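Worksheet: the structure to be examined is printed underneath.
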């Protein structure tokens, strides 16, 4: 049965449920994707929950123990062969989609992501997040922004809908919090093509073209058009 999209508050509660269960089971994990800008910038909304988990077996234990009490709950290996080989699973519960990565994310090994996670303290909870520096690298791996630095336009055919623009906005919003030397260090073992893309990405957010600035502001307008739904007692302070 199709369920309505969940509010950021409901999704944050699901995130905290996973945090409690994973910590209780001693599972190594961290949240990636939009969770970091959602918590740190206070202007992004959660649309789904992405996380990396140490192994497929640990991911299955985590979600089967979460007890979402949803008769339509599902947890499956991705049906896309390339993503299945990369160890990507997906789950649905209470109208929320979860993307779970157990081997690599965008070519970055899960073990390296877990080594570079940071911990955000929210009230009495500790939320493991991808580090800011690695977030920058991952976004560059997923979205080829090299063309933006040259043309101010997203490469045709990348991203779904406006996801590329949201990624660009996240990078622009957060780049002042990133250690660019650390970014280059994390990317040092990647291909020359990826390192060049990262350099172009850094150059773009430091001094975007006029057309690039328009893209950033359009992304910002879109994200602010609908007020962020209240977080109640779970508000990020």
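We did not get these values from a lab; they are worked out from the coordinates using the rules stated. The model shown is predicted, which means the values in this text are computed figures rather than measured ones. Glycine gets a Cβ as well: all are built from the backbone with ideal geometry, and neighbour counts include every protein chain shown.
Counting other beta carbons within 10 Å of each residue's own, what order do 191, 34, 7 fall into, fewest first?
Details: 191 10, 34 21, 7 16.
By the 10 Å Cβ count, ascending, the order reads 191, 7, 34.
For the stretch 8-130, what is one quarter of the convex hull surface built on the Cα atoms, given in nm²? The partial results should precede the final answer.
On the way: hull surface 29.3 nm².
Computed as one quarter of the Cα hull surface, the answer is 7.3 nm².
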Prolate/oblate/rounded label for the stretch 58-132 (Cα gyration tensor, a/c 1.5): oblate
